[in-house]
Amino acid sequence: MNLSRSPYIIEVDDATQTGSKVEIYLWNTGSQPASPQYTLDKLIPASNNTKTYYNISPYVREYFGMTKWSNIYNSYDVAINTDYAVNYHVDVYNFIGGVYVLNVSESQTGEFMDGYSYFMDGQNKPFQDTVLLTEGTYFYNYNALLPTSQSNNMAGSFDMLGQAADKIVYTNLSTGTQQVYTLTVDGIKTFARVYEPYLADGNKVEHRDGFGATIWEGNFEPQCEPKYSPVAVDFINRFGSWSRIWFQKAKSRSIAVKTNEYKFNPASLPFTPSDNGQIKEFNTNAKESIKLNTGWVNDLYGEYIQELMLSERITLLDYDYNTDYTPVKIKTKSLEKQKGINKGTINYTLEFDFAYDLINTVV
């Protein structure tokens, strides 16, 4: 699995070539298209430097369609939304003697998610984990007194890349009872983070291969917040998958108004000062923002918040104002990654701008 927000470089080299060409085939569902979506070609830099390079990531990104989180809370082993992954095939040609020659050994086929690797990972770092979520412990809001519509969907979901006979094992954190799902086909599947009957207790989730070995593990623990109204923030994480962070504590909203001004002369003289004034405003609108607090979290949340801040697609769910997901962009641009040994208790405060004008200006 490759990640399209970082460059994906294809190197074409042949000692006898004077140039090269790549044909890029991209598709979300079904089989490979009959014709390439893009054809790129280059001449070699010099006779003693015959290597040519192509970054195909920008072309792949055009084929993603990230809709809002699908609200999966009691579904398991569900096929991932087809717009979240892009299949690709690249045919590589060497330009030798004035003719393009197909280089089968350098042609390649694979799949992309709209995630990214870090600089220290190096070039073309593939996604090697099986679950598209950082390992660790996550907290979610659970309050049995809330309406079902607000309590049962709160833990979130995760996507995983599995093979037939792999297992997802849910272990209740209180009783130790287990629920096991066995994959029947290969592919990227979506699972609820918490098995619904375990929502009050939380659970450990393991991805086990066909031989029973655990290859990924995460814990999902409930937090009951009776005083504040928690807010769920969903975002595309570094693996190109929807992820969820709960902000459990105090929140506040504010607006920033922008306007243009002009001066005008009265219609007649002498004028009456109290009638209209001299300065008028137009194009008045506002942007709304919200400030959120995670509440007490663990040391790993610094990494989770980092992924949130680097995301290009964020929504939030605040039942005090709206029962649907609201698009936002993060306003906070710096983060101190806190450690319990230094801080004692850890809380993160982030501010978000709503990604639209308060007054509708869509035409």
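Inspect all residues belonging to the stretch 195-212 and state whether any of them is within 19 Å of the chain's Cα centre (by Cα), among the β-branched types (Val, Ile, Thr), assigned by TED's automatic domain parsing to the domain that holds TYR142 and closer than 21 Å to ASN141 by Cα.
So far as the stretch 195-212 goes, no, none of its residues is within 19 Å of the chain's Cα centre (by Cα), among the β-branched types (Val, Ile, Thr), assigned by TED's automatic domain parsing to the domain that holds TYR142 and closer than 21 Å to ASN141 by Cα.
Could you tell me whether any residue of the stretch 243-252 is over 30 Å from ARG61 (Cβ atoms), in a helix (DSSP H, G or I) and either at pLDDT below 90 or not hydroxyl-bearing (Ser, Thr, Tyr) (or both)?
No, the stretch 243-252 has no match at all.
Among the residues of the stretch 155-177, count how many are surrounded by 13 or more Cβ atoms within 10 Å (Cβ to Cβ) and over 19 Å from TYR138 (Cβ atoms).
Within the stretch 155-177, residues that are surrounded by 13 or more Cβ atoms within 10 Å (Cβ to Cβ) and over 19 Å from TYR138 (Cβ atoms) number 6.
Among TRP27, TRP69, which is within 29 Å of ASP159 (Cβ to Cβ), surrounded by 14 or more Cβ atoms within 10 Å (Cβ to Cβ) and over 17 Å from the mean Cα position of the chain (by Cα)?
TRP27
In the stretch 236-264, what count of residues is obtained for those that are closer than 30 Å to TYR84 by Cα and either touching a Phe, Trp or Tyr at 6+ places or on another chain (Cβ under 8 Å) or among the polar types (S, T, N, Q) (or both)?
Total meeting the criteria: 12.
Could you please give the count of residues in the stretch 25-55 that are over 20 Å from MET113 (Cβ atoms) and either of a type in the set (Val, Ile, Thr) or not assigned by TED's automatic domain parsing to the domain that holds SER107 (or both)?
Of the residues in that region, 4 qualify.
Let me confirm something: among TYR116, TYR84, TYR63, which residue is under 16 Å from the mean Cα position of the chain (by Cα), buried (at least 18 other Cβ atoms within 10 Å of the Cβ), in the same structural domain as LYS21 (by TED's automatic domain parsing) and without any contact (Cβ under 8 Å) to a residue 40 or more places away in the chain?
Among TYR116, TYR84, TYR63, only TYR63 is under 16 Å from the mean Cα position of the chain (by Cα), buried (at least 18 other Cβ atoms within 10 Å of the Cβ), in the same structural domain as LYS21 (by TED's automatic domain parsing) and without any contact (Cβ under 8 Å) to a residue 40 or more places away in the chain.
The values are calculated or read from the model by the stated rules, or taken from the named source; none is laboratory data. In this text, all values refer to a predicted model and were calculated from it rather than measured experimentally. Cβ: placed from backbone, ideal geometry, glycine included. Neighbour counts: every protein chain shown.
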